[in-house]
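Just below is one structure, and these are the notes that go with it.
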There are 2 protein chains.
Amino acid sequence: MNRFSNDDIAAVYRVIAERRDVRHFLSDPIDPDLMVRVLQAAHLAPSVGFMQPWRFIRIVDPARRQAVYELVEQERIATAHALAQREDEFMRLKVEGIRECGEVLVVALMDRCEEHVFGRRTLPEMDLASVSCAIQNMWLAARAEGIGMGWVSMFEPEQLKQLLQMPAGAKPIAILCLGHVAAFYAKPMLEQQGWAARQSLSDLLFVDRWGAIESPAVPE
Amino acid sequence: MNRFSNDDIAAVYRVIAERRDVRHFLSDPIDPDLMVRVLQAAHLAPSVGFMQPWRFIRIVDPARRQAVYELVEQERIATAHALAQREDEFMRLKVEGIRECGEVLVVALMDRCEEHVFGRRTLPEMDLASVSCAIQNMWLAARAEGIGMGWVSMFEPEQLKQLLQMPAGAKPIAILCLGHVAAFYAKPMLEQQGWAARQSLSDLLFVDRWGAIESPAVPE
């Protein structure tokens with residue numbers, strides 16, 4: 001039958017609910033076989049025109065990892081200034097775990113994706129959409145395996161591209177930190193720390209046109 | 001403990017492996033409670049700065065659904081012409097199931113996302129990345145529940161935006177078809193039909209810089 005067992009459905013909903021964007025890691029190494037499994041989970045993501053536009057760069061050399069960290073730190077300062085009135089509050093947030101996590105992966109869009117016209121003629125950004133689905137697969141697989149993962153998007157892409165010698169059409173879109181954790185946050189870290197609140201799903205769901213709220217409201 | 005049980009880990013990997021981008025639907029209606037569950041799964045996705053940039057528009061009115069279909073059909077013809085030498089092959093592919101599926105949802109990026117500077121100052125497209133993670137959650141939840149889902153990106157976004165009366169900063173990025181299916185494809189449909197081949201993960205995985213293949217290669 002098409003439907004999974006109740007237990008398996010519950011496991012799928014549980015991993016979706018308990019996945020977290022993690023910034024606090026233990027430095028223990030990750031089992032290499034586990035890394036292969038979560039990368040294979042990423043590679044099973046959907047992609048527009050089956051173009052499989054994801055590329056993964058494992059950062060293994062400590063000096064290379066330090067250089068990645070420095071790019072992020074530079075952008076963290078720039079972000080803080082741009083936030084103006086919330087600058088101090090922002091600077092107290094932990095926004096990455098690059099130096100202490102077990103594995104750092106840079107994820108990039110491939111070059112030459114303009115050759116894949118099917119499904120992205122009017123929406124060329126669909127390569128990013130596909131790679132994001134792959135990252136979400138990896139996030140969920142890692143969570144089930146007990147490994148935390150964080151997506152750091154705080155960097156200047158052109159600088160990271162040069163650092164990792166990417167070709168003209170490629171673009172880095174994520175620095176992923178993966179690692180063992182003492183515990184997963186009970187709620188998203190930015191919610192726990194009062195940075196932003198969870199919205200009500202019923203406010204985000206419309207019928208037939210933007211802004212038309214369904215009645216009765218979706219239960220939360 | 002942080003790690004799920006072996007059975008639950010297997011369920012997570014199974015749903016990732018058996019999820020398909022579906023274009024062939026039965027027209028039976030979807031249980032409204034199931035729709036709420038998969039939308040809640042979407043809403044549990046990560047988002048940059050916890051901005052939760054996803055908006056969902058259920059297409060309920062049959063005339064509205066027909067209008068959405070016509071936008072896609074128009075772009076399908078334009079895509080076929082753009083594909084040139086593969087035009088005939090493309091026109092034989094089934095690329096959407098809008099008229100026959102149980103539910104059509106349009107997913108959009110919210111307006112005013114420029115207010116959320118944290119994590120997207122240098123990568124403003126991170127709102128699309130977050131919404132794509134939400135769609136992947138929905139895809140996996142639907143698959144576990146035995147419901148097929150397809151992401152149609154073949155439309156002119158400005159036209160769909162006008163049809164659904166979206167505000168200036170909002171943008172539609174997906175037409176999702178959800179529905180019961182006779183069976184899930186054994187492999188991705190575009191792979192089954194010979195449109196494109198599954199790449200080898202080891203060709204997509206580099207070390208420390210673009211193009212540096214890890215040795216020994218990742219087992220497939």
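The values are calculated or read from the model by the stated rules, or taken from the named source; none is laboratory data. Remember, it's a predicted structure, so these values are computed and weren't measured experimentally. Positions of Cβ are generated from backbone atoms using ideal geometry, with glycine treated the same way; all protein chains shown enter the neighbour counts. Calculation scope for accessible area: heavy atoms of the full protein, side chains included, ligands and nucleic acids excluded. Shrake-Rupley method; radii C 1.70, N 1.55, O 1.52, S 1.80 Å.
For the range B:76-84, the condition of being outside any helix (DSSP H, G or I) and either of a type in the set (D, E, K, R) or buried (at least 17 other Cβ atoms within 10 Å of the Cβ) (or both) holds for none of the residues. You will find that of A:Leu205, A:Leu190, the residue that is farther than 30 Å from A:Pro32 by Cα, of a type outside the set (D, E, K, R), modelled with pLDDT under 95 and crowded, with 20+ Cβ neighbours inside 10 Å is A:Leu190 and no other.
Any residue at all in the range A:125-145 that's of a type in the set (A, V, I, L, M) and in a loop (DSSP other than H, G, I, E, B)? Walk me through how you get there before you give the answer.
Step one: of the range A:125-145, the residues of a type in the set (A, V, I, L, M) are A:126, A:128-129, A:131, A:134-135, A:138, A:140-142, A:144.
Filter once more, keeping what is in a loop (DSSP other than H, G, I, E, B): none.
There is no residue in the range A:125-145 that is of a type in the set (A, V, I, L, M) and in a loop (DSSP other than H, G, I, E, B).
When the criteria are applied in full, A:Arg23 meets the requirement of being assigned to a loop (DSSP other than H, G, I, E, B) and surrounded by 16 or more Cβ atoms within 10 Å (Cβ to Cβ). The combined condition, being in a loop (DSSP other than H, G, I, E, B) and closer than 30 Å to B:Glu75 by Cβ, is fulfilled by A:Val117. Scanning the range B:104-155 for residues that are touching a residue at least 60 places away in the same chain (Cβ under 8 Å), open to solvent by 10 Å² or more (accessible area, probe 1.4 Å) and out of contact with any helix residue (DSSP H, G or I) (no Cβ under 6 Å at 6 or more places or on another chain) yields a total of 2. Taking the range A:27-43 as the range and being surrounded by fewer than 22 Cβ atoms within 10 Å (Cβ to Cβ) and either within 21 Å of B:Met138 (Cβ to Cβ) or without any contact (Cβ under 8 Å) to a residue 12 or more places away in the chain (or both) as the test, the residues that pass are A:Asp31, A:Pro32, A:Asp33, A:Val36, A:Gln40. Applying the condition of being within 9 Å of another protein chain (Cβ to nearest Cβ) and either among the acidic types (Asp, Glu) or in a loop (DSSP other than H, G, I, E, B) (or both) to the range B:161-181 and asking which residue is most open to solvent (accessible area, probe 1.4 Å) yields B:Gln165. Out of the range A:182-209, which residues are at the interface with chain B (Cβ under 7 Å from one of its Cβ atoms), assigned to a loop (DSSP other than H, G, I, E, B) and in contact (Cβ under 8 Å) with a residue 12 or more places away in the chain? Selection gives A:Phe184, A:Pro188, A:Trp195. Among residues that are surrounded by 23 or more Cβ atoms within 10 Å (Cβ to Cβ) and more than 7 Å from every other protein chain (Cβ to nearest Cβ), A:Val12 is not included. With respect to the conditions (1) touching a Phe, Trp or Tyr at 6+ places or on another chain (Cβ under 8 Å); (2) modelled with pLDDT of 95 or more; (3) more than 9 Å from every other protein chain (Cβ to nearest Cβ), A:Glu89 lacks only one, and its number is (2). For A:Ile16, state whether it is over 15 Å from the mean Cα position of the chain (by Cα) and of a type outside the set (Ser, Thr, Tyr). Considered against the rule, which asks whether it is over 15 Å from the mean Cα position of the chain (by Cα) and of a type outside the set (Ser, Thr, Tyr), A:Ile16 comes out as no. Taken over the range A:57-75, the criterion of being under 14 Å from A:Val95 (Cβ atoms) and away from chain B (no Cβ under 11 Å) is satisfied by A:Tyr69, A:Glu73.
Selection over the range B:8-30 of residues that are out of contact with any Lys or Arg (no Cβ under 7 Å at 6 or more places or on another chain) and more than 13 Å from A:Asp8 (Cβ to Cβ) gives a count of 9.
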